[in-house]
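Here is the structure we will look at.
Read-outs: derived from the displayed coordinates by stated rules, not from any lab. What you see is a predicted model; the values in this text were computed from it and never measured. For neighbour counting, all protein chains shown are included, and Cβ atoms are generated from backbone atoms with ideal geometry for every residue, glycine included.
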């Protein structure tokens, strides 16, 4: 059962924003040392998108590209692709639902590197699609420096994503990730060869990829598949299939439940 039971997808941004504001107000009273930060980051903002722009601009700012300039650029990204906010809400609720270490939406929004890295990529991708490739690559670089996550701006990422712990996650230029996936740290969605062609993996919906796994080449990973930690996947993986090993091979039969939702990394007695 989801810890945040939402009736429809259209309500997710409203629920996430309401949750953030309620928690921020409570913690502003509980932790006076953080009250100014919570007010400026969330409580003085008028929407989830505004809060996201404000928070990321402070996280990603440099001397030469300060937070004021970044706010304008990130706002332009959301203006170009308003679905960024809906996806950010879905991601936030996905983290809250799937990560038992996540106590509040506020915790994930403010401090989870994976969450912030994915939202930075969403903005970079929108700008890249607008022909603003240099600023998109700037955001990619800053996300890599700040969060330890390197996602090419051209890569396509669905919504409802949990990038758990995040450090060392790499996603190449022509890679695609579907909706509602759960990915752990040090995962590589990489290419093979150096030709300018479609050379990266296509990850389906509700896929779970364990820590340290590498998926290489233009191969498809079917919906509801599970990839065990430290596996190296070089061939397509059918839907609802569990694979493990180097090179990865099917183990244990079909996944009975969405592994990305249950976060069950076990392989039973099959290895």
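Between residue 65 and residue 246, the simple label model (points 7 Å from Cα in the Cβ direction) yields a spacing of 3.5 nm. With axes computed from alpha carbons, what is the tilt in degrees of helix 48-60 against the longest principal axis of the chain, rounded to the nearest 10 within 0 to 90? Relative to the chain, helix 48-60 is tipped by roughly 80 degrees. Put in order of Cβ neighbour count within 10 Å, fewest first, the listed residues 181, 123 become 181, 123. Axis angle, to the nearest 10 degrees, between helix 67-80 and the longest C-alpha principal axis of the chain: 60 degrees. The simple spin-label model puts a point 7 Å past each Cα toward its Cβ; for residue 257 and residue 18 those points are separated by 2.7 nm. For the chain, the relative contact order works out to 10 percent when only alpha carbon pairs closer than 8 Å and six or more residues apart are counted. Cβ-Cβ distance of residue 46 and residue 72, R₀ of 22 Å, FRET efficiency by 1/(1 + (r/R0)^6): the value works out to about 0.85. Shape analysis of region 152-247 places it in the rounded category; the axes a ≥ b ≥ c from the Cα gyration tensor give an a/c below 1.5. In region 9-149, Cα pairs under 8 Å separated by at least six residues give a relative contact order of 24 percent. With a Förster radius of 22 Å applied to the beta-carbon distance between residue 144 and residue 197, the computed FRET efficiency rounds to 0.35.
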